[in-house]
Structures are given as C-alpha cells and as structure tokens.
1. Would you point out the residue of the stretch 787-824, among those that are basic (Lys, Arg) and in a helix (DSSP H, G or I), that is farthest from ALA765 (Cα to Cα)?
2. Based on this model, can you work out whether ASP283 counts as modelled with pLDDT of 95 or more, out of contact with any Asp or Glu (no Cβ under 8 Å at 6 or more places or on another chain), under 30 Å from ARG244 (Cβ atoms) and of a type outside the set (Phe, Trp, Tyr)?
3. Among what's in the stretch 716-749 and is among the polar types (S, T, N, Q) and over 18 Å from ALA829 (Cβ atoms), pick the residue that is least open to solvent (accessible area, probe 1.4 Å).
4. Scan the stretch 64-89 for residues that are out of contact with any Phe, Trp or Tyr (no Cβ under 9 Å at 6 or more places or on another chain) and crowded, with 20+ Cβ neighbours inside 10 Å and report the count.
5. Please find, among ASP216, ASP179, the residue that is open to solvent by 40 Å² or more (accessible area, probe 1.4 Å), in a loop (DSSP other than H, G, I, E, B), farther than 17 Å from ARG94 by Cβ and charged (D, E, K, R).
6. Go through (1) farther than 18 Å from GLY601 by Cβ; (2) open to solvent by 20 Å² or more (accessible area, probe 1.4 Å); (3) touching a residue at least 24 places away in the same chain (Cβ under 8 Å) for GLN710 and report which single condition fails.
7. Test of understanding: among LEU434, LEU399, which residue is at pLDDT 95 or above, in a helix (DSSP H, G or I) and either closer than 30 Å to PHE538 by Cβ or touching a helix residue (DSSP H, G or I) at 6+ places or on another chain (Cβ under 8 Å) (or both)?
Amino acid sequence: MWVRLGGPWAHHGRVRRDLPSGTVTFLFTDIEGSTRLLHESGAAAYAEALADHRRILRAAFDAHGGVEVDTQGDAFFIAFQSAPEALEAAREAREALAHGPIRVRIGIHTGTPLLVEEGYVGVDVNRAARIAACGHGGQVLVSAATAALAGTGGMRDLGEHRLKDLSAPERIYQFGVGDFPPLRSLHQTNLPIPSTPFLGREKELADVVALSARADVRLLTLTGPGGTGKSRLAAQAAAELAPRYPDGVWWVPLAALRDPELVIDSAARILGANAGLAEHIGDRPTLLVFDNFEQVVGAATEVAAVLAACPGLDLLVTSREPLRISGEHEYPVPTLAHDEGVSLFLARARAVDPDFPLDDAVAGICRRLDYLPLALELAAARAKVLSSGQILQRLEKRLPLLTGGARDLPARQQTLRAAIEWSHDLLTPAEQRLFARLAVFRGGCTLEDAEAVTENDLDGLSSLVDKSLLRRRDERFWMLETIREYATERLELSGDADETRRRHATRFLALAEEGERHLGGRETTGWLDRLDLEHDNFRAALDRFEDLGDGRSATRLTGALFTFWFMRGHGAEARRRASYALSADTDPTAERAKVLNAAAGLALDAADPASAMVHAAEAQRIFREVGDPAGAAYATLRSAQAALDAGDPAAACVLAEQSVTLFRDIGDADRVRLAIHELGWMTLCAGDIAGARTIHEQNLERAREAGDRQVESASLQQLGLIEIFDGSPLDGLASLEKSYEIDRALAYPFGISFDLDYLAAAAAARGRLELAAQLFGRAEALRSEVGARIRLADAAINERTLAVIRERLGEEGLRAAWEAGRSLSVDEAIALGLAR
C-alpha cells in the first residue's frame, strides 16, 4: 500500500528538478488482487501483463504532462501541474486497461505540498495515497479539492469518508461510470481525529497490526512510559485494522476516570449499549481501544469477563503497565529511532518556524531527550524563539524547558513533568521511595546493585518495570534520562538523598577494588567489560566523594580504577581524577602512594620522566613506611620506566630486575610477568636484541600458561618488532596478527595503537613507505581518540622508521600519507598492514 508515514517523497533518492511546485495534483495507482492474479496467470503471463500495464499507464501520464515521482512494486506515484490533465490521464489509462487482466484503482488529490531537494513533503501526498487505497479495481476516486478545481462533471458524489490517516471526514467523488462495492474507508468508529500527521513508527505500526490480526491475540496491551506515543500508535493501528471489524472500531478514553467500576459503563455508553456491553456486542466482530488504562487497572477482571463473553471482540489497550489477565499480549512501545526522532522534531519545529534548519544540534536534542515523542514535540514548540543550539544548551535541565504543549492536549501532556507525575502519582509510597532511590544510578545497574543500594527487592523493581518507569535490558535496569531527572528531584525532596548516595558510592568503591584484583589473569576481559558497564556509576561515586570533600575515598577509588582507565583508553579522565586525589589527600597512606604510582605513569605519558621519577620515589617511600612490599615493588618498576624515558636503558634494566625480584619474593606471579615484560623491552632498547628475544619468548609461555592475555599480547608485539629488527618482517607479521586479535578481544585501544606502530615498521622494512606512514598516522589518531600518549622510548623506536620514510618521501610526502592514514578505520589499517 502507498503510504509513507514520515520523510519526503523522492525518486530513488535522487534530487529532482522537474517536479511541479505550487498547487500540485497527485495521482496514485495500485493493482487490485495482484497476488491472486499472479497465481492464476502464472509468472510468465503475469510479467507480460504487468509490462503492458506499465507501458499503458506511462503513455497516458506522459501525454498529459504527468511527472513520475516514484514507483513501488506495481504502483505509480505521478504529479501533475493541472488537475484536469490528471483526470484526463486517469480516464485514458482506465479505458486502455478495461479489457485486460489487470484492474487498477486510482486516487487523485490536489494540494500545495512543500517541495524540497529530496522531494515532496506534506500531508497532501499521504492523502492522495489513502484515497487510492480505499478504492476498487477500475475505480478512479477524486478528492473534493481536485473536484473543486476541475469541476464535478462526470463525477458521482460518494459522500464523506474517514480515511485511515485518521483525518477529518473527506468528501470523495468517483470519476466516471460504474458500480463498485462500498469504499474501504473507516466507518462505525469514533477514533479521534489527530491534529498532526502520523510520522515514523513504520515498524511498530506493522508489528502492532500483525499481532492484532493473529487469531490467538485477542488482547494486546501497548505499554511504555508517558510520552512514548502509545495512544497515537494505537489509534493508527486501529484505523489500519478497521476493515476486519464491520461492526465497528471504538475508542474508549479513560484518562479522566479514577473509579475502575466506571470503565465498562463508559464503553457501553460509547457503543450505545442499553442492555449491557457484552450483550450489545454479542458475537459481532468489534474492536475496542481502551486508552490510558493504568489508573483504572482494577477493572481488568471485568474487561476479561466481557472479552470471554464476546467471541467476535478484540481489545487494544494503552497503559503504562500491563493488565495481567489471561490471554494478554504485551507490546512495549520503544522510543523513536534516530531518523524518526529527527523527522518528528523538524516537522513540529517547522510548524512554528518554516525555515527552521536541520543541523548537528537537532540530532543532539533528540539524543538528549531519549527520542521520546512528547519531549521532542515540547522542545520543538520552543523553535519559535530559540535556535536549535539554544534549545540543546537549555536541555542541560530538561524538565523546566519542556512545557507549553498545545492547549487542546490533556493536561498531563502539556509538560513532560506532568506526563511523568501522572505515572508517579499512581505508585504506592514504597514504590515512590524505590523510584527516587534508583535515580542515584547512572547508566543503569544490575539487580544485585539495585537491591543493595535501594534496600528493596525484585518485586519492587518488577513493579516499576511493569509501570514503564524502569526498563530492563541484558540483565540491567535503567531509566530514560528524562525520567531519571524527575526521579532525582523526588530523591532530593525525600530527605533520603545523602544516605542513598553514600550506599551507592560505597558499593561501587568495593566493586572497583574487587575488579582491580582480577585484572591481569584469565578473568581480565570479563572484568574489564563489567567495569566498563559501570563506568558512569564509578564517575557518580567519585563525584560524590569530591562533593563531600572525602579525599581519602576519592583516592582509593581513583587508584582502584587506574588500570581499567589505562587499558580502556580513558587517559584524560585518569589525569583529572589523579590530580584531584593527590591534592585532596596528602596524608602518607598506601592509597596516596598507589595514586602516586599512577601519576608517575601519567607523567611518562606526558613526556616528563623527571616528574615520574619524583612521584615513583615518593610512592616507594610511603609503601615502605606502611609495610606494603607489593606497592614498593611497583614503584620500583615505575622508576625503571622513568629511567628508560630519561635515556638511561642500563639503569632501567637494573631497576626492572629489582622489581622482578621483589614481586617474586612476595609471590605475585601476575606482577612478575609484567615486570619481566618491561625488562625485555628495556633490554631491547639497550640494544641487546638476542637477550630481549629470550626474555620475551620465555615470558610468552608464562603468560599463556597463566591465561594472562595482556602480557601475551605485549610479548607477541615485542617478538614481532624483534623479527623486524632482525630483518624478517614477514615473520614479524605473524606475531603482530596474533597480538592484534588479543588486543581487539580485550577492547584495548592503546595496545592496538602499538600493533599499528609495529606494522608500520614492518611495512617500511618491506619498502612500502607510504603505507608505513599511513599506519603511523592511524596509530597516532587512535591514541588521540582515547586520550593516550606515546612515551619517549616508544617514540624513539618509531622515529627510527620515520627517519627512513622522511628521507625517501620527503616531509610533504610523509605528511600527506600520515593524514590519509588518519581517515582509515582501524580494521582497514590493520588489514593493509597485514597484507603479505
């Protein structure tokens, strides 16, 4: 069927310069019974008839100035500058097809659509398509607008009809003679007439219609939070389903009711039932649409009784929670897809400002508002006085901006706050308390964390999910940010905010410290992923500690998260949090020393080995004072790294050997492997290639036995580089391919950047200098994307290769290839580097 519910009409995505503008008459065609005809005629005969039909239609349309806008399957969409010419083209087409096997229905409507580069925009296009859809084969239907322009001579007035776009009744004329069955329009219905067209939701509409059409689905409940567009979707689905219910499709609004006992009585009054609702419906095919059932959910059992008594009755319900009766099917209405959200916002914004532009801020607005239809419409209402950038800026606080909805809307839909309050007021006091406490979670939470922090249980959480105030996906609970903002307000008013945030921060401090203990062995990948999921909650905990001036706890959490931040490429955040921790807690504690070790690493990333040495020395002193040999050993390793970047690889090797011994003495096998890896790297930097090879080969076996993927990858990288230095770059590729596979599995962007560096060295060793420069460019771009920096010793290794490239390609050639490499995806760059 020809109905596009959102976006412009264009021809195969190309910009059209030949389309009529101003007052345009649209003509739509569709073949009646095409599937049946295919089966009866056979594929070959049908294909021949279809080709003849297309030739005849195009000849008639071309003869009268028609422009083919689009085709879909066996249907045409044609635009005419003249209404009489459109009618004449339709007459010729109908007469030419009269004696053939194909019967075509035609709909014609005239309007003033907006013509943009992509095609036609406006309700007139959909109106023409809907008129065609309610006709029959051989019938030409004409709107009142077209009849007024062309005159009603040769037309039969078929009266007023409601179309499936739910618009007000449209007077329709039949052009030409012939008797046909009644039009396929809406009848026996009180479906509301919307003030705006139905945009987007094509998938959801198809889903709801398909579910409702199933014989085993007699009760379908559309659920979702306030503002997701449940009512609009239900009304449109009911319109699409209307032909299945000759005895009526009836809309039963419940928003004004509070007494469940009035639900059946309200439905009976709408249907004009005098002897009871069930008795009135009997076995007649009927669809009832109950809108806003959530505040009268106590009527569910009475509704179930009516459904059981009426075999021809089906129910479509909108509610913020399911009815929980036998036979119910639930369809959670999602928020809009990105493109749908942008289209809706633009359509509503251009209703108040026709020149409102599409820019990057519009996409930001849609993201900030969770693609919630009501929120987008309320934000778009501000387009009359605010630019998109100003709207986005003011959405830092969503609820105060999102007011001022249309006066003819229900009060609950005039502000987003009212829409959420509507649901909140229906909660029990215990549910309201849980709802407020859940606001402390950022980015969602697990069941266990929710239970611990909110001091509630699964039943309470399930109830909020049922009431569409909480969502569940992949074993995590989460709120739309618009709803979470309201929940935060309720938390602040509850008097419970400080204690709830304390429990939250304490819980995630413990999780971070537990996770740190598992990084470095077989469980590294799983724990990195878990910590990643909770990153926003860790940030919330850190912010809480900082707000309270609790430097000690902030320092503990910063130290616990540093390895995660390093491996997942959050360098900028690590620097900021470490700076705060060191200034907020100056006592000589193990926690401070741990952050000093991290700060030493960050100083090395900033090419400042002198500061790194100072931080490492202070950390080592504190660790020794508090009796923490593991911390002291790690500080010694940091000192080795600082010595290497300061240009003293011999001293670095001595310090690295000391750290290996210290870790062995305390039985820390994970850190032993890490320290040995650093010793091998420092040995290579000192020029002992054979010694470095031996160290890394032995350490690779240790890492594999222990399941230490990080050290395994790093060892493979070093062995690949050693093969390149030894004149065997193709052998080096084999090791680098394996290291990349591990780094990708670990989601370790900093490690991947070194895979690219060493692939660049391999490419240069094979004479592929332009490719080498591209790979260096992509490696540096990746580090920039994640806020990581290369250290001085690593930069010196890279510079050996870059010097060769610069000599052969020149500075300009190197720069051009470097920039070209930055535009490659990581996978593209790796594939080019590994190509043999």
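The values are calculated or read from the model by the stated rules, or taken from the named source; none is laboratory data. Bear in mind the structure is a predicted one, so any value in this text is a computation, not a measurement. We place every Cβ from the backbone using ideal geometry, glycine too, and count neighbours over all the protein chains shown. Protein only, heavy atoms only, side chains kept; ligands, DNA and RNA dropped before computing areas. Shrake-Rupley method; radii C 1.70, N 1.55, O 1.52, S 1.80 Å.
1. ARG822
2. Against the criterion (modelled with pLDDT of 95 or more, out of contact with any Asp or Glu (no Cβ under 8 Å at 6 or more places or on another chain), under 30 Å from ARG244 (Cβ atoms) and of a type outside the set (Phe, Trp, Tyr)), ASP283 does not qualify.
3. Per the stated criteria, the residue is GLN718.
4. 1
5. Exactly one residue qualifies, and that residue is ASP216.
6. Just one mismatch for GLN710, condition (1).
7. When all the criteria are applied, what remains is LEU434.
A quick yes/no check of all residues on (1) surrounded by 24 or more Cβ atoms within 10 Å (Cβ to Cβ); (2) over 26 Å from ASP670 (Cβ atoms); (3) free of Cβ contacts under 8 Å to residues at least 12 places away in the same chain:
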site: GLY526; (1), (2), (3): no, no, yes
site: ASP529; (1), (2), (3): no, no, no
site: LEU548; (1), (2), (3): no, yes, yes
site: MET567; (1), (2), (3): no, no, no
site: ARG577; (1), (2), (3): yes, no, no
site: TYR580; (1), (2), (3): no, yes, no
site: ALA593; (1), (2), (3): yes, no, no
site: ALA607; (1), (2), (3): no, yes, no
site: ALA610; (1), (2), (3): no, yes, no
